[in-house]
Amino acid sequence: MPRLSTVAFVALPFLVLSLAYFTQSYVSPLGPAPHLGSGPGYSISLSSLVSFVQAAIQAPFGASQETLLGAQHPKEQVDSEDSEVIIDEPRPRFTRRIVAVGDIHGDLINAGRVLQMAGVVDEDGNWSGNVDVFVQTGDIIDRGDDTVELFEWMEELREQAHGVGGVMVSLLGNHEWMNAIGDWRYVYPSEIETFGSISARQKAVTTGWLGNIWASNYTTAARLPLHSLLGPPNTDYPPEDGSVYARANAGPLSHAAFSFVHGGLAPMYPNLQPFPSAINNISSSLLHKLRARSPQPPPHPPHAYPGLPAGTTREEARLYGSDGPLWYRGWADEDESKICSRVDQVLQKTGTRRMVMGHTPNLQNIVARCGGKVLIIDTGISHAYGGALSALSIEYTLEPVKGGGWKEQEVVKALYAEQEDELLVTATRELGEGDLW
């Protein structure tokens with residue numbers, strides 16, 4: 001009998017395991033195993049049962065009760081002095097993929113080609129889920145006829161992204177601001193027809209549907225943290241007192257972020273902190289004053305240039321000035337020997353490692369300056385320019401190192417539809433074992 005009991009003890013788990021496998025085949029997400037045919041759709045999951053039986057088979061050969069009952073849970077360690085429970089959890093690997101696209105200027109077809117090439121959308125123009133964050137740096141409007149379709153598409157993508165945990169960051173360019181002011185110098189007559197009339201277009205870009213979208217879903221500046229510990233997009237640097245992100249933004253990852261504006265952040269611009277809310281609060285105030293004009297001034301041309309509204313503050317006027325974030329071209333136009341000495345002071349103030357901007361087109365390629373700290377992504381995507389179809393790709397990883405510590409990496413690439421991609425920056429940092437936050 002002892003011999004029979006031993007056989008039964010060993011054989012019984014194999015029988016149970018076989019039964020578990022047979023039943024699990026029916027409820028597999030891939031359907032029943034081909035040799036089993038179709039079966040009933042049980043609503044229970046047997047993965048835990050399978051794991052338990054596998055452990056039970058090993059138990060007679062030295063596995064402890066802890067192996068059977070605690071294999072899927074972190075091991076707890078108890079400090080006998082203060083009874084503090086310490087859970088030894090595995091350290092997670094974090095990844096984030098960001099794609100940024102510059103000036104589109106009224107060209108739906110080329111914009112679609114770029115977003116599909118970069119993996120932002122699928123072949124049907126819907127959010128693909130292959131990127132975590134998509135940034136568009138402004139100037140969707142003017143120089144083309146597809147304004148209505150482009151902004152409607154951007155809002156569809158925003159909703160789709162939100163539904164699956166993605167994020168879309170949208171900036172106002174100088175051309176969106178020109179239209180809000182009433183400066184229509186780059187508006188095609190054929191584009192006006194897509195709105196129905198001059199008056200319908202003017203209402204749309206001021207108090208109507210398009211002006212509402214700009215006021216609610218667009219900003220003038222953005223700070224995009226590379227790691228979620230630092231907060232969601234547009235978390236201020238430095239964070240306000242009491243912020244849940246204050247500790248992380250003062251730690252080893254404090255500047256693990258990119259800034260995005262349309263034109264550029266001039267070293268002499270006075271409203272860089274807190275970034276980006278100092279800029280965006282001024283922007284919101286000015287946009288509100290523009291939309292509140294009654295009646296709205298007739299567009300220029302053919303009428304006189306309307307200028308900024310009555311009551312515009314000095315800060316608001318400077319926002320729209322030549323060294324403001326909408327128009328500044330210094331990072332693109334000035335000699336590197338002059339500008340690169342001033343990059344770090346701007347990055348330090350804004351809590352970022354690199355700055356990304358559009359506005360100043362280079363029709364051949366995305367431009368990286370100052371060792372990749374300055375990235376200029378306007379390549380004249382629109383047929384109005386005939387430039388390169390491009391997007392900026394940012395891949396960030398933070399992973400644990402065996403034995404302690406962390407490895408942080410940024411890989412920045414220029415992606416092209418009609419030429420080879422280009423590696424712009426690879427940066428790796430080793431971080432110690434201390435808390436990241």
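What does the C-alpha gyration tensor say about the overall shape of the range 103-431? Classify as rounded when a/c is under 1.5, otherwise prolate if a/b is larger than b/c, or oblate. Verdict is prolate for the range 103-431. What shape does the range 212-353 take by its C-alpha gyration tensor, where a ≥ b ≥ c are the square roots of the eigenvalues and a/c under 1.5 counts as rounded, a/b above b/c as prolate, and the rest as oblate? Judged from the Cα gyration tensor, the range 212-353 comes out oblate (a/c at least 1.5, b/c at or above a/b). Element breakdown for the range 103-431 at a 1.4 angstrom probe: carbon and sulfur atoms account for 49% of the accessible area. Rounded to whole numbers, the Karplus 3J(HN,Hα) couplings from phi for the range 124-129 are 9, x, 9, 4, 7, x Hz, using 6.51 cos²θ - 1.76 cosθ + 1.60 with θ = phi - 60°, and x at Gly and Pro.
For residue 188 and residue 273, the FRET efficiency from 1/(1 + (r/R0)^6), where r spans their Cβ atoms and R0 equals 41 Å, is about 0.55. Counting DSSP beta bridges in the range 103-431, what percent are antiparallel, to the nearest 5? Given both bridge residues lie in the range 103-431, the antiparallel proportion sits at roughly 70 percent.
With contacts taken as Cα pairs under 8 Å at a separation of at least 6 residues, the range 103-431 carries a relative contact order of 17 percent.
Taking 0.36 nm per residue of separation and subtracting the Cα-Cα distance, full extension of the segment from residue 304 to residue 159 would add 48.3 nm. Of all lysines in the structure, the ones whose alpha carbon falls short of 22 Å from that of residue 402, not counting any fewer than 8 places away in one chain, are 75.
Neighbours of residue 310 by Cβ distance under 10 Å: Lys/Arg scored +1, Asp/Glu scored -1, total +2.
Tally Lys and Arg at +1 and Asp and Glu at -1 over the other residues with C-beta under 15 Å from the C-beta of residue 185: what net charge comes out? Here the charged neighbours net out to -3.
Would the range 325-432 count as rounded, prolate or oblate if I go by the C-alpha gyration tensor, calling it rounded below 1.5 in a/c and otherwise prolate when a/b exceeds b/c, oblate otherwise? Here the range 325-432 falls in the oblate category. Put a dot 7 Å past the Cα of residue 429, heading toward its Cβ, do the same for residue 417, and the two dots end up 3.5 nm apart.
The values are calculated or read from the model by the stated rules, or taken from the named source; none is laboratory data. Predicted model, so just to flag it, every value in this text is computed and none were measured. So basically every Cβ, Gly included, is an ideal-geometry build from the backbone, and we count neighbours across all protein chains shown. These accessible areas exclude ligands, DNA and RNA; they are computed on the full protein's heavy atoms, side chains included. Shrake-Rupley method; radii C 1.70, N 1.55, O 1.52, S 1.80 Å.
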